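Data block below; observations after.
The values are calculated or read from the model by the stated rules, or taken from the named source; none is laboratory data. Just so it is clear, the structure is predicted and the values come from calculations on it, not from any experiment. Virtual Cβ from ideal backbone geometry, glycine too; neighbours counted across all protein chains shown. Surface areas here come from the heavy atoms of the whole protein model, side chains and all, with no ligands, DNA or RNA. Shrake-Rupley method; radii C 1.70, N 1.55, O 1.52, S 1.80 Å.
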Amino acid sequence: MKRIGDVLSSISVPIGPSNGTVSTVGPEPACSRCQDAGWVRLDVPVGHPNFGRVFPCECKIREQQERSRDSLRRLSNLDAFQQHTFDDFEIVEGTEEAFEAARAYANDPDGWLYLHGACGVGKTHLAVAAALQIRQWNSNVLFAVVPDLLDHLRATFDPGRGVAYDERFNAIRGAFLLILDDLGTENTTPWAREKLYQLINHRYNERLPTIITSNQEHKMIDERILSRLLDTHLTRDIKVDALDYRRRSRPDYFRRPRR
Ligand SMILES: [Zn+2]
């Protein structure tokens, strides 16, 4: 299927002032196709289904895409995790496989990567490290903590402004790389659960690169999501079984008598 923007770039006429009485000569329009109106009519004969209809101009579509990308960047707090690189990751017993898998994924983000295990074993660090590396060549990367993402979707949902909302939701679900951190910790409404399912199902159907982390048992995850997550044709599933990093740095930890 052709993108509407591609179609419009071949045949379109601007929606200009119809009475031709423009008296002042302004600056050159930035877009020669629509004369900055943002909308164009297709140049089709009377009787054509698109006759008389207006479509967003390519410049408007581009502007919307840029806006969506900015909004993703604001939502994604990846910038706060700049120090979570592979170089800064402490490889300890139980994290080797996840480390190698995340590094391989960063070089070739194909399919899904699912990192699960207890808190504090470095799952988020590895997911972020991969995201930071991929972001160097494709900026359309979104890191989202699942409960925060659902809060954001709920808070910004406004039926009166459906288009802006749909635009944002589509930008999230269509991001080149999506990191869903802490899946299963959301304590959410049926509406938000449905949104999360739609998001994941879309990425599943389109085989879009996705990294998911979870410290929850599988029974805590929506069955519909879990069945997609555990599809071995798509997902590399790795259990990280290591000691919580918060306890590793205590030198006396191992010497304590067991109770
Ligand atoms: Zn235009």
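Scan region 191-215 residue by residue and report those that are in contact (Cβ under 8 Å) with a residue 60 or more places away in the chain and loosely packed, with under 14 Cβ neighbours inside 10 Å.
207
Suppose we keep only residues that are of a type outside the set (Phe, Trp, Tyr) and open to solvent by 100 Å² or more (accessible area, probe 1.4 Å) within region 42-62. Which one would you say is farthest from the ligand (Cβ to nearest atom)?
Of everything passing the filter in region 42-62, 46 is farthest from the ligand (Cβ to nearest atom).
Can you pull out the residues in region 114-151 that are over 17 Å from the mean Cα position of the chain (by Cα), hydrophobic (A, V, I, L, M, F, W, C) and open to solvent by 20 Å² or more (accessible area, probe 1.4 Å)?
Across region 114-151, the qualifying residues are 118, 119.
Return the pairs, sorted by first residue and then second, in which the second residue is polar (S, T, N, Q) and near the ligand (Cβ under 9 Å from one of its atoms), the first residue lies in region 32-61 and is within 23 Å of residue 167 (Cα to Cα), the beta carbons are less than 8 Å apart, and the residues are 6+ apart or on different chains.
Partner pairs satisfying both residue conditions: 34/12; 40/12; 41/12; 55/12; 57/12.
Being open to solvent by 70 Å² or more (accessible area, probe 1.4 Å), within 8 Å of the ligand (Cβ to nearest atom) and farther than 25 Å from residue 140 by Cβ is the requirement here; does residue 36 meet it?
yes
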